[in-house]
Structures are given as structure tokens and as C-alpha cells.
Amino acid sequence: MSASAHPDSTDLDRLHSAVKREKADLAPESQPAPLWAMFLLMLVAIIAGGQLGPMTGGWSFDVSNPFALISGGGDPRPGGGGAGDALDPFALAMKKGASGYSVCGGCHQGNGGGLPGQFPPLTKSEYVLGGTERLIRIVQHGLTGPVTVNGQSFNTPGGMQPFGGAMSSQDLANVLTFIRNSWGNEATMITKEMVQKVRDEEKRASQWTIAELLPYAEKNVPGEIPAGPGATAAPAAAAAPAAK
Ligand code: HEC
């Protein structure tokens, strides 16, 4: 039908298409969904979405790397992307230790600076940079009583709890390597074998005091240092780095 066939035909078409565009009327008795229900659904979706990531077994780009499938393992991203296997033992320990440090950071702070009067700093601390026999014991069994770090005195009630029971030798080794090589600190890597050695030799139930730890102040747990600072020195002979 052409527009000239009937003088009113265009108006009729326009009228009908306008009617067709309208939504169907609600059936009697039914109500539109209330706004609060929309918000509730949105809230549920947001919370559920947040759960999805952590609950799906530690999804990470390293594991589910689409490039690895295409290129047969090589990671074409600049800097290698940080796939676990590609890192040397020191870099890997630093990477894992950085996330493990969240356990300590609540007290010793993200920058390792501690909190005056409450939590001693780990930066430039002789307890962190000194003998590994002492450092491993402090974190494995805990510490109580007065301690002076970088000229500041601390004697926090309760001291520091032991972490030996809560962390594997590997996790502890990673965190200790991390605190010895962050925020300007630099010292040899601590391996899982070193932590395990102290665990096997030292069965202690109570927290240490600084005086009890004096014999270990300069002693390093013997063992191979696979990479990082001091890796090229003769393993067992490596002296404790001078406390800064
Ligand atoms: C709940 C708070 C808290 C947490 C968590 C904590 N510490 Fe401590 N840490 C302390 C306190 C308090 C002291 C001082 C204890 C004392 O007064 O004898 C201390 C002392 C130390 C010291 C010796 C002093 C120094 O500053 O060098 C080291 C090393 C240390 N902590 C490492 C760690 C590591 C590594 C972790 C994580 C695995 C950790 N701490 C987690 C509270 C904490």
C-alpha cells in the first residue's frame, strides 16, 4: 500500500507502530519488583562475585596463562611475567615471602618500620640481619622481655608469639629471606633446610629472651645458599653480616 492510496494511511501506520512499542500492561494484581529487591540482588551478586576468585583454588595468571599454551611455555610478556619456575631460588623466595609477610606486617608494618613503643622495626635490625641461628629461633619460638632495636627500647606485654607451629619451614624461610632483603636490608637467603635444622635441634616450648639468645647472635645455620647475597661465599664459613 503506497502512501498516496489513502490520505490517512501514513497516520494509521504511525499510530499502530506507536501502540506496538508500548509494553503490555501488567496483569491485574501483579506488582513491579520493588527497588529494594533490585538492590538486594545486586548486593548478593557483588558478594558472590567476590567469593568466586578466592574460592576457585587460587587462580593466578601464572597457572592459567593463555600465552603459555600458544608459545609452548615461554612467556612473551616483557620481564617474563614472573612464572614461578622461571625465577631463581632467591627471587622466588622473595616473591613468596612478600605475600607471607602479611602475617607479620600487622605489627611490624608494611614498610618494616614497626611502631614506636609497641613493635620493633625489622629495618636495619641486628636481629634480622645478624646470625640466622638467632633470627630463626626468634620467629620459630617467639620472644619476650626487653629488647633494643636501633636504639629504641621495647618490652611489649606478652612479647611476640611463636610462629613455628603456624608456618611450614618453607613459608618461614621465604618470609625470613624477604625481611632480610627488603626496605634496604641485605643479607643471605634462609632456606627451608636451615629452618628445618633449627626445628629438629631446638625443641623449646617457651618464648626466648634476648639474653638467652646471645650465644646465637653471630652464628649462621650451616647449609647451602642457593642464590642471592652471599651465594658465592663458602656456605658454612659465611660469617654473619655485620649489624648495621
Ligand atoms: C602480634 C604482633 C606481632 C606479629 C604478628 C609479629 N611480631 Fe615480631 N615482634 C613483636 C613484638 C612485640 C616484638 C618484641 C618482643 C619483645 O619485646 O621481646 C617482636 C620482635 C621481633 C623480632 C626481633 C626484634 C626486631 O625487630 O628485629 C623479629 C626479628 C621479629 N619480631 C620478626 C617477626 C616476623 C618475621 C614476623 C612474621 C612471621 C613477626 N615478627 C610477627 C610483635 C609481632
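The values are calculated or read from the model by the stated rules, or taken from the named source; none is laboratory data. This is a predicted model, so every value here is computed, not measured. Neighbour counts are summed over all protein chains in view; Cβ atoms, including those assigned to glycine, are modelled from backbone coordinates with ideal geometry. For accessibility, only protein heavy atoms count, side chains too; no ligands or nucleic acids. Shrake-Rupley method; radii C 1.70, N 1.55, O 1.52, S 1.80 Å.
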Could you say whether any residue in the stretch 90-99 is open to solvent by less than 10 Å² (accessible area, probe 1.4 Å) and more than 10 Å from the ligand (Cβ to nearest atom)? yes
Verdict on PHE163 being within 14 Å of CYS104 (Cα to Cα), aromatic (Phe, Trp, Tyr) and more than 7 Å from the ligand (Cβ to nearest atom): no
Looking at THR188 and the list (1) among the hydroxyl-bearing types (Ser, Thr, Tyr); (2) in contact with a Pro (Cβ under 9 Å, 6 or more places away or on another chain); (3) near the ligand (Cβ under 10 Å from one of its atoms), which single condition is not satisfied? (3)
Single residue of the stretch 196-232 satisfying the filter (without any contact (Cβ under 8 Å) to a residue 40 or more places away in the chain and among the charged types (D, E, K, R)) that is farthest from the ligand (Cβ to nearest atom): GLU224
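Residues in the stretch 120-155 that are in a loop (DSSP other than H, G, I, E, B) and of a type in the set (Ser, Thr, Tyr): how many?
3
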Within the stretch 143-159, does at least one residue satisfy the condition of being open to solvent by 30 Å² or more (accessible area, probe 1.4 Å) and more than 10 Å from the ligand (Cβ to nearest atom)? yes
Note on the stretch 103-113: residues open to solvent by less than 30 Å² (accessible area, probe 1.4 Å) and near the ligand (Cβ under 6 Å from one of its atoms) are CYS104, HIS108
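Would you say LEU172 is part of a helix (DSSP H, G or I), open to solvent by 30 Å² or more (accessible area, probe 1.4 Å) and modelled with pLDDT of 95 or more?
no
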